[in-house]
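The values are calculated or read from the model by the stated rules, or taken from the named source; none is laboratory data. Values in this document were obtained by computation on a predicted structure and should not be read as measured data. Positions of Cβ are generated from backbone atoms using ideal geometry, with glycine treated the same way; all protein chains shown enter the neighbour counts. Surface accessibility is based on the protein's heavy atoms, side chains included, excluding ligands, DNA and RNA. Shrake-Rupley method; radii C 1.70, N 1.55, O 1.52, S 1.80 Å.
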Amino acid sequence: MAIPEQLPQLVDSCAGRIVIDHGHFEVFDPLALPPEGTDLFALAEASPPSSSADGMAVILSPHQNNFDTSVTIEFWSARPDDDRDRWEQISENVLRVESGTLVIGSPGYDELAASAAPDTYILEVSGRGFVGYGWPGSTDPGDEWRLRLWPERTDTGGVRAPQRWHQPGVGAPVQVPFHSEVTSDSSTDATESTSWGFLPRTSPWDSVPAELYHVNGAVSLNEMVPDLIARLIRLPEDEQREIAWWCARRALELAGLHTEDYIITTLANVEAGAPPPKLDDLFEWLNKWLDETSLDEGSRALSPEATWTRRVLSPEQHPYASGEVSRPHFALPTIVTAANADPLHAAVETLSAACSTYSDHAPSLIEQLEAEFKLSQE
């Protein structure tokens, strides 16, 4: 008599809400570090919508942001029933969890954590409710996500091919080739190593000082002004904090927000030690303000392709050269980042947000900063 095949069982589940920003989020073991020589974000762009290595996965989101994202996490005994027809974007990756905890979130924001038995899993990430690639028109466009995980050892079929969302009338962004250089004495084929998530060249994080590992904006600033980053690290904490608030003010001024009573009062309260407002509350105010305010094109314009296309920069360009951007949306979070408990993190993350607000003109902000705080290299 044949033994009936055991059906997959839902072992555990949890749900929560997170901020998704910068067009992607991460799923990872908090004790995991990316293997040397990986750039998971670049690999996800080269083979959308995801990539993974060891205990970390990067998932691309069609939306640039959603500051109130619904997320459900499910743990199964084996691969659950297929319901791909109910979701718009689906990806699968192998993920190793050793710490007993699984974390999901976007760099620089609060994260959602779930208990996870140490094991190697197949991670399925499904998303739906998308309105368009890039800026979705608001900070809470309504997309939702589900993560399902089951032990890899129970799955004889392995990881399945991804399903990308095709925006009606537009389609999906083209894949961004990953251009890497392989030295003549390398025994690793570039195409083969990229397909496995390993790159012949080092990750951008490898050149970032250890004090700033995983600080939002550290990679771009270190690429653009590594000497300035080194000087910021050596500054006293009170000066680092002063720089953070200076950057916040410059960004808010450029965005046309600095004369608003709400911004003036909020800045004064947070600088005096009050907890910063939630991003949801800030953007709720901003959306109302934008509805009531007439701004020039340079303050509000957004170039959609700049939000999801990895640009190939010429030597005179820099990581923040994104053309026209929605300055108020980039500037407003500086009120929160400048209040980070770590003064160095506050300075670096707020400077990066201010550079994003300045976009193509970020070098002029750097010049102002160096002159104001006498940071020019001797």
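Restricting attention to the stretch 272-284 and to residues that are of a type in the set (Asp, Glu) and surrounded by fewer than 15 Cβ atoms within 10 Å (Cβ to Cβ), the residue that is modelled with the lowest pLDDT turns out to be Asp280.
Close Cβ contacts (under 7 Å, 6 or more residues apart or on different chains) running from residues in the stretch 54-67 that are open to solvent by 10 Å² or more (accessible area, probe 1.4 Å) and at pLDDT 90 or above to residues that are among the β-branched types (Val, Ile, Thr) and part of a strand (DSSP E or B) comprise Ser61/Ile20.
For the stretch 109-158, the candidate set comprises residues that are touching a Lys or Arg at 6+ places or on another chain (Cβ under 9 Å) and aliphatic (A, V, I, L, M); within that set, the residue that is surrounded by the most Cβ atoms within 10 Å (Cβ to Cβ) is Val125. Within the stretch 82-108, being crowded, with 18+ Cβ neighbours inside 10 Å and in a loop (DSSP other than H, G, I, E, B) holds for Trp87, Ser106, Pro107, Gly108. When the stretch 215-251 is filtered for residues that are of a type in the set (Lys, Arg) and either farther than 15 Å from Leu375 by Cα or in contact (Cβ under 8 Å) with a residue 24 or more places away in the chain (or both), the ones remaining, listed by number, are Arg231, Arg241, Arg249, Arg250.
Within the stretch 216-235, restricting attention to residues that are charged (D, E, K, R) and open to solvent by 40 Å² or more (accessible area, probe 1.4 Å), the residue that is nearest to Leu40 (Cα to Cα) is Glu223. Being open to solvent by less than 40 Å² (accessible area, probe 1.4 Å) and at pLDDT below 85 is not true of Ser376.
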